[in-house]
Amino acid sequence: MFGQGLIFGGFGVSLRTVEYLIVAGGGSGGNAPSYTTGGGGAGGMLTSSTFEMATGTYTITVGGSNNDSSIGELVVATAGGAGAEQPNPTTGLTGGSGGGSAVYSGTNAGGLGIAGQGNNGGIAQGSPSYTPSAGSGGGGKGAVGGNNANGSICNRAGDGGNGITSPIRGTSVYYAGGGGASQSTSCGRGYHSAGGLGGGAPGGQHVSPSLTSMSGVANTGGGGGGKYNYSPWGNGGGSGIVVIRYLTGTATGTGGTITTVGSYTVHSFLSTDTFTLG
């Protein structure tokens, strides 16, 4: 049986119970010449297993780097905050998950994440001995971004915060991991940052040969890695994803890539499209 019929303004509208996963685009990592930078925050991640959705046609927006994802105007996941860069700004930006920070001396808090969508970026603290600095990691859906770590010789860059898994497409996949920060010295590769689980990218490091920052993984909402010294490689956030599913036989729908997972019909949107629910 289809959902209960409702009347609004004289038009018949029915509600269907659907599940959804919405992940916004990840924030880009910071990018600055001869300075360290913070990792990009993961795109905001929202889920529901009992969402009552009216029949009709909706625009499904899948955000790229630094852009929101949404189901029409019903539910909006906010893009990840960009990573900070010296000399300005040195605090990561607010987003679904906050961007990581950059520092030479003193302490800078990470960008703020939005409650229910993600976590804050990590804290970047300058070394008392003023050894070359390192940034902090971008926040992920499952964890705050990693703080940088001061050492007597080198400072280690903060890792991106981990995302969380969703089984909505049939297998558990990590989404919304934060990007790692960059590190500015010729220290060993053990000081290199990692991206968070869920498509977060590692940050760059000034070693020989250099370790370059990377972009977040497409369709995960992962944050971009912090760049060092305007390296030519990309460090944007990964694009987001929208997935809607319902028990087969309780609704009809068109749009996206349609698959069957057990008792469910699944619509996966890897790019902006329309979705019609009947």
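Is the shape of segment 82-125 best called rounded, prolate or oblate, per the rule: a/c under 1.5 gives rounded, else a/b larger than b/c gives prolate, else oblate, with a ≥ b ≥ c the square roots of the Cα gyration tensor eigenvalues?
On the way: a/c = 3.76, a/b = 2.05, b/c = 1.84.
The shape class here is prolate.
Listing Tyr246, Tyr58 from the residue with the fewest other Cβ atoms within 10 Å to the one with the most, what is the order?
So the ranking, lowest neighbour count to highest, is Tyr58, Tyr246.
Convert each backbone phi in segment 54-67 into a coupling constant with the Karplus relation 6.51 cos²θ - 1.76 cosθ + 1.60 (shift: θ = phi - 60°), then list the ³J(HN,Hα) values in order as whole Hz, x for Gly and Pro.
Using θ = phi - 60°, the values come out as 6, 4, x, 10, 10, 7, 9, 9, 10, x, x, 3, 6, 10 Hz.
If I take R0 = 22 Å and measure r between the Cβ atoms of Thr248 and Ala115 in this structure, what FRET efficiency does the formula 1/(1 + (r/R0)^6) give, to the nearest 0.05? Mind showing how you got there, number by number?
Working: r = 34 Å, r/R0 = 1.55.
Once the sixth-power term is evaluated, E becomes 0.05.
Neighbouring Cβ atoms within 10 Å as the yardstick, rank Glu73, Glu19, Glu85 fewest first. The partial results should precede the final answer.
Numbers: Glu73 9, Glu19 18, Glu85 25.
Ordered from fewest to most neighbouring Cβ atoms within 10 Å, Glu73, Glu19, Glu85 come out as Glu73, Glu19, Glu85.
Peptides 61-68, 92-99: what's the order by average Cβ count within 10 Å, highest mean first? Walk me through the intermediate numbers first.
Working: 61-68: 22.8, 92-99: 37.6.
The peptides rank, most packed first, as 92-99, 61-68.
We did not get these values from a lab; they are worked out from the coordinates using the rules stated. Only a predicted model underlies this, so the values are computations on that prediction, with no experimental measurement involved. Using ideal geometry, Cβ is built from the backbone for each residue, glycine included, and neighbour counts are taken over all protein chains shown.
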